[in-house]
Amino acid sequence: MKRLPTRVLLAVLAVTALVLAACGGGSNKSSTSGSTAASGGGTQSVSQTQGSGLTIAMVTHSDEGSFWSVVKKGAQQAAQDEGVKLIWSPSNNDPQKEAQLIDAAVSQKVDGLAVSVPNASAIKDSLAKAKAAGIPIITLNSGADDFKTLGALTHVGQTETIAGKAAGQRLKAAGVKKVLCVIHEQNNIGLQQRCDGVKQGFGGSVTNLQVKGTADIATTQTEIKSKLQADKSFDGVITLNPDIASAATTAIKGASSNAKLATFDLSPNVLKDIQSGDVQFAVDQQQYLQGYLPVVFLKLYRENANTVGGGLPVLTGPGFVDKANVATVQKLTEAGTR
């Protein structure tokens, strides 16, 4: 992927953060970098043989599923483009582990820290240590409402309530009367905000269903199926993760339900289901950018004292993928960048 000059990147950001989607193409193709296991329970390092000598840690609640693999690819590509070392640290939806991984990054004296914030209270003390150590912080994916109080320079992602509201409006326009909103992680404030937004935009009956999650898709599928069998009045289902969407597709068929399905986020299976009509639409937050941009922003801050966002989040969504544009997005998904 051709790297944008720094001056061009800054000029584009001054107009709109969303234009930066042009950075999303391409795969990690450098012959001078590689992934190696490191200590810290799931931490991985992507090292560069040339560059600035900066080390940036990206600590997230990643479960290493289809969504987060794209975030990771974006971060790896940015590290390659910017010539920095990347430490990728997934916590698999464990807030305490995420705090420990942040502490480990601080002890390693990294030059920048990019962190997802599904549970601000669980990691605020660890981020305070990073702040005290002079490590600049950028939040990503979740944390749009918390990044300022946590001391981050900016947030890269979408505003979950706004995204949910837009999804709810689409479901209403599709003629849905009663919605089941499937939450796949406990204690993830962002997921609750999505369902709250769906309710606001839909303006009708929305029921939340807590399921087992991506760690146990089979049980999740059964839980959704049972809910639909118990209440046949649900004619709409929205999931908040592409892997859960695939489970919901099977569950809807298994329950002999005619419920229309929508989801947040993309995967190859979701795109196929949009083409077939099994999924009405997907909310796209362009997670490749959520991995890519924090690395670029942290390097610019360390080397040129640049800040972005003007005190506001740098939004990467929401966008929507439906039958009208699914073919274009599918090509990019096959490359691992959408």
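The C-alpha radius of gyration of region 60-201, expressed as a fraction of 2.2 N^0.38 Å, stands at 1.14. The fraction of accessible area contributed by carbon and sulfur in region 93-136 is 48 percent, rounded to a whole number (1.4 Å probe; ligands and nucleic acids excluded). When only the Cβ of Lys, Arg, Asp and Glu is charged (+1, +1, -1, -1), the dipole of region 290-338 relative to its Cα centre reaches about 40 debye.
Expressed per residue, the C-alpha convex hull volume of region 179-328 stands at 135 Å³. Computed about its Cα centre, the charge dipole of region 200-338 is approximately 60 debye, with only Lys, Arg, Asp and Glu carrying charge at their Cβ.
If you place +1 on the Cβ of every Lys and Arg, -1 on the Cβ of every Asp and Glu, and leave all else neutral, what size is the dipole of region 109-237 about its Cα centre, to the nearest 20 Debye?
Roughly 280 debye, rounded to the nearest 20.
Ignoring aspartates and glutamates fewer than eight residues from Lys109 along the same chain, the ones with Cα atoms less than 20 angstrom from its Cα are Glu82, Glu98, Asp125, Glu303. For region 144-210, the spread of Cα positions along the three principal axes, ordered from largest to smallest, is 43, 23, 13 Å. Accessible surface calculations at 1.4 Å, restricted to protein heavy atoms, place region 268-307 at 34 Å² per residue. For the residue pairs Lys131/Lys199; Lys225/Lys331; Lys73/Lys227; Lys172/Lys272; Lys73/Lys212, alpha carbon separations beyond 25 Å are given by Lys131/Lys199; Lys225/Lys331; Lys73/Lys227; Lys73/Lys212.
Which of the pairs Lys72/Lys232; Lys178/Lys253; Lys72/Lys178 have their Cα atoms more than 28 Å apart in this structure? Among Lys72/Lys232; Lys178/Lys253; Lys72/Lys178, the Cα-Cα distance tops 28 Å for Lys72/Lys232; Lys72/Lys178.
The values are calculated or read from the model by the stated rules, or taken from the named source; none is laboratory data. Keep in mind it's a predicted model, so treat the numbers as computed, not measured. When we count neighbours, we look across all protein chains shown, and the Cβ atoms used for this are built from the backbone with ideal geometry, even at glycine. Calculation scope for accessible area: heavy atoms of the full protein, side chains included, ligands and nucleic acids excluded. Shrake-Rupley method; radii C 1.70, N 1.55, O 1.52, S 1.80 Å.
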